[in-house]
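Everything below concerns the one structure shown next.
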Amino acid sequence: MNKIFIKQISKSFGATPVLRDVSLSIADGEFLTLLGASGCGKSTLLRILAGLELQTGGSVAIGERVVDGVRPKRRDVAMVFQSYALYPHMTVQDNMALPLRMRRLSSWQRLPLAGRFMPGTTATTAEIERDVTRTAKALGIGHLLARKPGQLSGGQRQRVAVGRAMVRQPAVFLMDEPLSNLDAMLRVQMRAEIKELHNRLGVTFVYVTHDESEAMTMSDRVAVMLDGELLQVAPPQEIYADPDDRRVAEFIGSPKINMLEARLRDGGLADAAGTSFAVAANVAHGTALTLGIRPEAFHLVDAGGANILTGAVRLVEHMGSDLFVHLDVPGTEHPLIARLLAERAPQILTGQTLHLGVKPERLLLFAADGKRLRPHNHRNGTVLRMRELAQ
Amino acid sequence: MSLATSTAPEPAASSTDSAGGRKALRRQRLAETITAWSLAGPALILLVTLFFLPVFAVFAIALTDWQFGASDLAFVGLGNFKEVFADEGFRASLVNTIVYVAIVVPGTISLGLVIALLIESGKSCRAFYRAIHFLPFMATLTAMAIAWEPLLHPTIGLVNQTLASLGLPTANWLRDEGTVLPVLAVIGIWQNLGYAMVLFLAGLKSIPQDLYDAADIDGADLWFDRLRTVTLPMLGPVSMFVFIVVALRAFETFDTVQVLTQGGPGHASEMLLFTLYRESFQYLRTGYGAAVAVVFLCIVVALTLIQARVLDKRVHYQ
């Protein structure tokens, strides 16, 4: 079993804290993505998992074994780097064979000339060559084995980097933004290939990215990080639809979620942007709230009223199947963005007054400190799932 | 020699204004040519007067029996070259130079690399170590050679005193045929070390950390494996550069010979440039000296070409 337990990891570079008390458990065979803006500490966490960086506090266990202070090569993890980190002077064959040579051959057997004459070297080398060829074929780079990284395209280099990680069949794959150096088309293709690879190998993947679409499309669960803190760990759909924190809601989703500042008054109503919304939050009257409304939560209505926002159309963006309508609503700082189905929306003109309704159950409520406010009976799926995994 | 000038594609001129158009075009081309020559001209003049003409002059003088200051000269063909190669002194000088280079180049490169690696792996006083190792390269070698002389003095020199106090055999370092060339080579290494070190340090800085991380994960995490997998191959281009520069500098060694040994004892420490200097400027046999210069030039050019060819193929460039 290759579960990963990350317990209260903290890390500082000098006086600058980079990770604060991060705890996370990753199930065997899970595809977990660490998602966050650059500088949030996600790569540092991955490097701590790999053993390339030493944590300031806390502990990491892979499988049943606590690996704090264990050298990277003894952790049974493989890593794919953003820069691919292929050895530029070696052929693809040698690049992929290196992790096997380092493990299967003794230092004497690896010696430049004399090594060949050590007993067992020939047999082991042949075996390594077979393994490399098999892995290369599986990745469709069998014909590139004699080339050097400088002669390969970005996509091919990426495959070689994956191949070098794959060839020794590690228990855990760590990937640090492996697709960010590729062009958009190739990125989408490689995204699918990495996901397929995960399905085929069935081992644990920890994937670091700042790209929301990569996280949402590939992961079993997404861990959203900000400023060295883990904000929420949940399956992609839950991260999107049921965020724990205002910052998570704002980070996930394009166009961005609309945020309206509101104040709670009698009768479970909250006033925002000149209208009142029925909210089901267990907080005292007069509390300041933020209402989060996803762009697609709006629907067109004929006239204003409760739960309905009215404003003038500022801009209409046609996206094919959808329309993004930017609406200037009095009392809001930024224009609201609504995502309407193109086929259902009538002709919308700039300057036109539009009424957009929101169903109460689609409102996301956040307290002043950014924490999500849920209705009484709403159970926190994330917490439950975390507990399940930890058991 | 032709200078490339960029010209705009010829516009499709109609029959009525084609003559005027052509004239304008010609004028434009002329202006571009003048600009090009006036920009390249100064550099070209300098190159010709300071480099090509002297080289040509040396070749020409080598074919004559001209003596410096003499008013007449005669064409002797390859006579000087025949004399050069028949001369025992020159042959000794050539062999000495090759031996000297064969000690200085590997010594400088390996020691420079080791010191660069040590400085890079340490955390404190990096600037200090860099500075003290680079100092000999910056200082005038003549002054430094004078400092070496008392160190190597047979009776009161620090080297012999130290050896004697340790009960080790001493030597008359600069007056003994067996030791003089190795001692000069050690001084040569000492002088070039800092230069090689600084270049290696720059090379080490440019190796991406990712490669070391990948090596760690792949299992190449002992110092020897890291060195073989990442450091040395990635230093390939720098090493080639250091190799060529140090080899050329070693071939050109003159100051230490002139100040410390005058080529002696016998011909034991005579080297090419010293021979050249003595023949041309002390014995005033300019024709003969020019022939030595031509041989020297050929060796240096051949060496550069061979090094560039051989190493270029085996060295990775990113």
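Odds and ends about this structure:
- Prolate/oblate/rounded label for chain B (Cα gyration tensor, a/c 1.5): oblate
- Here the Karplus relation 6.51 cos²θ - 1.76 cosθ + 1.60, evaluated at θ = phi - 60°, turns the backbone of segment B:85-91 into coupling constants of 6, 7, 6, 4, x, 5, 4 Hz, with x for every Gly and Pro.
- Ranked packing of B:68-77, A:363-372, most packed first, by mean Cβ within 10 Å: A:363-372, B:68-77
- Positive-end residue, the protein assembly as shown charge dipole about Cα centroid, Cβ charges, pick of A:Y240, B:L297, A:V92: A:V92
- For A:48-60, mean number of other protein chain Cβ atoms within 10 Å: 1
- Sequence-distant residues sharing a close amide H with A:H355 (under 5 Å, placed H): A:V301
- Within-9-Å neighbourhood charge of A:G41 [Cβ basis; K, R +1; D, E -1]: +1
- Of the DSSP H helices in chain A, those whose Cα atoms cover at least 15 Å axially and whose Kyte score averages -1.0 or more: A:92-104, A:121-138, A:154-166, A:184-201
- Across segment B:39-54, coupling constants 3J(HN,Hα) worked out from phi with the 6.51/-1.76/1.60 Karplus curve, θ = phi - 60°, read 7, 7, x, x, 5, 5, 4, 4, 4, 5, 6, 8, 10, 5, 4, x Hz, and Gly and Pro carry x.
- Prolate is the label for segment B:136-229, because a/c, from the alpha-carbon gyration tensor with a ≥ b ≥ c as root eigenvalues, is 1.5 or above and a/b exceeds b/c.
- Size of chain A: Rg and Dmax of its alpha carbons, in Å, are 25.7, 88.
- Per-residue HN-Hα couplings for segment B:176-187 [Karplus 6.51, -1.76, 1.60; θ = phi - 60°; Hz; x = Gly/Pro]: 9, 4, x, 9, 4, 5, x, 5, 4, 5, 4, 5
- For the protein assembly as shown, the Cβ-based charge dipole about the Cα centre amounts to some 1020 debye (Lys, Arg positive; Asp, Glu negative; other atoms uncharged).
- The mean count of C-beta atoms from other chains within 10 Å of the C-beta of residues in B:192-202, rounded to a whole number, is 0.
- Counted by neighbouring Cβ atoms within 10 Å, the residues A:K148, B:K82 run from fewest to most as B:K82, A:K148.
- Taking amide H as placed 1.01 Å from N in the peptide plane, the amide H of A:M175 sits under 5 Å from that of A:V80, A:V206, A:Y207, A:V208, each at least 5 places away or on another chain.
- Directionally averaged shadow of segment A:1-143, computed from the convex hull of its alpha-carbon atoms, nm²: 11.3 nm²
- The angle between the Cα long axis of helix B:126-138 and the longest principal axis of the Cα atoms of chain B comes to about 80 degrees, rounded to the nearest 10.
- Expressed to the nearest 5 percent, the antiparallel share of DSSP beta bridges inside chain A is 75 percent.
- Checked against a 26 Å cut-off, the cross-linked pairs B:K123/B:K205; A:K3/A:K195; A:K42/B:K123 give Cα-Cα distances beyond that limit for A:K42/B:K123.
- Of the beta bridges in the protein assembly as shown, as assigned by DSSP with both residues counted there, near 75 percent are antiparallel.
- Residue mean of other protein chain beta carbons inside 10 Å, B:227-239: 2
- Highest-first arrangement of A:235-247, A:335-347, B:32-44, where packing means the average Cβ count within 10 Å: A:235-247, A:335-347, B:32-44
- Hydrodynamic radius (Kirkwood) for the protein assembly as shown, which is based on Cα pairs only, to one decimal in Å: 33.1 Å
- Crossing angle, helix B:236-251 versus chain B [Cα axis fit, 0-90 degrees, rounded to tens]: 70 degrees
- Radius 14 Å from Cβ of B:F81, net charge of other residues (Lys, Arg +1; Asp, Glu -1): -1
Every number here is computed from the coordinates shown, using simple stated rules; none is lab data. On a predicted model such as this, the values are computed, not experimentally measured, just so you know. Cβ atoms come from the backbone with ideal geometry, glycine included; neighbour counts cover every protein chain shown.
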